[in-house]
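Report on the structure given below.
Computed from the coordinates by the stated procedures, all read-outs in this text should not be read as laboratory data. Keep in mind that what you see is a predicted model, and the values were worked out from it rather than measured. Cβ placement follows ideal geometry from the backbone for every residue including glycine, while neighbour counts extend to all protein chains displayed.
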Amino acid sequence: MKMCYRHLNNKGTTLIELLIGSSLLVIVLGIAFSLHSFGTTSFSSGASRVDVQQNARLAADFITSEIRFAKNVDIVDIEDILESSEEFAENFHYIFFDESGSIMYKEKGDPPLEKFSDISQKVDFELSFKISDDLHNDNDNVLKLIVSAKDDNARDFEVKTEVIILNLTDKITGLEKGTGIRFQLPSELEDT
């Protein structure tokens, strides 16, 4: 019995095999990079959107907690106060936003302070206050609050809420709709 030995070709890969393998590697790496780039962009976009939403909710929660127990509430147009010679009333608190889009809070007797200064570099706020026009509500003690927030990438988010002012002595006064509010707390009315 005679065995046949074939001579195996061990010269290496051909140029065509090398080109096909390289092409497949480039295609697979290109797809992987595209998926990674898309995922990174989507994640940063989502994180930015969450920041805007969280900051708008934080501002709405702050304003709600500050005015919920107020005795007197006036809706004002803060631009009229800032542009005219009219001064801030000393016995009131104020909440408004300034021209740079920051929420400002003026406590009774103190100069206005920027609230949320750590987030206002990233987010511009707009505030709107008005007396609630809900047909199901017969009370004059419901304030409608709209907080709009926008980041550098023009992502908008808006929080609309209505606040029942529990200790209101009369009714909400001032303008029908305005960009700021001034209010007094119960303990401050007893002092005056």
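A simple packing score, the average count of other Cβ atoms within 10 Å per residue, orders the peptides 53-63, 30-40 as 53-63, 30-40, with the highest score first. With each label modelled as a point 7 angstrom along the Cα→C-beta vector, the Asp80-Thr40 pair spans 5.3 nm. Here the simple spin-label model places points 7 Å from the Cα toward Cβ, and for Leu25 and Lys130 these points are separated by 6.5 nm. With 27 Å as the limit, write out which pairs from Lys106/Lys150; Lys108/Lys171; Lys150/Lys171 have Cα-Cα distances beyond it, or answer none. In this structure, Lys150/Lys171 lie more than 27 Å apart at Cα. Measuring max minus min along each principal axis, the C-alpha atoms of the range 14-65 give extents of 76, 7, 6 Å (largest first).
Taken along its three principal axes, the alpha carbon spread of the range 42-191 comes to 52, 39, 26 Å, from the longest extent down to the shortest. Taking every DSSP bridge with both residues inside the range 42-191, close to 95 percent are antiparallel. Each of Asp61 and Thr173 was given a label point 7 Å from its Cα along the Cα-to-Cβ line. The distance between the two points is 3.3 nm.
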